[in-house]
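Visitor: First the structure, then my questions, so here it is.
Read the figures in this text as sums done on the coordinates, not as results from a lab. What you see is a predicted model, and the numbers here were worked out from it, not measured in a lab. Here the Cβ positions follow ideal geometry from the backbone for every residue, glycine too, while neighbour counts run over all protein chains shown.
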Amino acid sequence: MDWLAADIQSDPWITLRFKKYMANPKRVPWKNKVQLERQYKFTFYTHMLVGGVLAYPFAVAVGRRMRTYQGGVPVVPYQRYVHDFPNVEPARAGRFAFRMGCLTTCLFAGFVFAKYTVHD
């Protein structure tokens with residue numbers, strides 16, 4: 001019973017699933033599953049971050065491509081009614097398109113890299 005007392009002392013104080021940490025036969029498998037899931041998520045997100053950083057040069061190229069339309073015309077904001085003071089700076093839509101293209105490409109490439117390098 002000493003190992004159970006030591007194991008209970010290592011439990012988190014605040015948790016959403018506090019009944020799962022009560023002393024019962026399913027306690028140890030639950031705790032092991034939670035620990036394995038946290039390790040897997042940490043590894044997956046670390047690999048996703050590395051993949052996103054590795055894909056950044058490609059993402060910059062995609063972002064630059066998204067700053068212009070197909071014919072080479074710069075991206076402009078869509079005409080819609082904005083009830084408060086609209087930002088009419090000419091380069092704002094191009095910067096937004098670059099950021100979104102770069103960020104989307106980094107996230108997608110990082111996810112694909114993590115999916116292929118982390119064992120399921």
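Visitor: Any residue at all in the stretch 84-102 that's among the β-branched types (Val, Ile, Thr) and either closer than 30 Å to Ile8 by Cβ or surrounded by 15 or more Cβ atoms within 10 Å (Cβ to Cβ) (or both)?
Guide: No: the stretch 84-102 contains no residue that is among the β-branched types (Val, Ile, Thr) and either closer than 30 Å to Ile8 by Cβ or surrounded by 15 or more Cβ atoms within 10 Å (Cβ to Cβ) (or both).
Visitor: May I ask you to list the residues in the stretch 9-45 that are under 13 Å from Val118 (Cβ atoms) and in contact (Cβ under 8 Å) with a residue 24 or more places away in the chain?
Guide: Tyr40, Thr43, Phe44, Tyr45
Visitor: Can you list residue pairs whose Cβ atoms sit under 7 Å apart, with the first residue in the stretch 54-73 being exposed (fewer than 12 other Cβ atoms within 10 Å of the Cβ) and the second being assigned to a loop (DSSP other than H, G, I, E, B)? Count only pairs 6 or more apart in sequence or on different chains.
Guide: Tyr69/Val75
Visitor: What residue, of Lys31, Lys26, is more than 22 Å from the chain's Cα centre (by Cα), loosely packed, with under 12 Cβ neighbours inside 10 Å, basic (Lys, Arg) and more than 30 Å from Pro90 (Cβ to Cβ)?
Guide: Checking each option against the conditions leaves just Lys26.
Visitor: Further, regarding this structure: Anything in the stretch 19-66 that is hydrophobic (A, V, I, L, M, F, W, C) and in a loop (DSSP other than H, G, I, E, B)? List them, or say none.
Guide: Hits for the stretch 19-66 are Met22, Ala23, Ala55.
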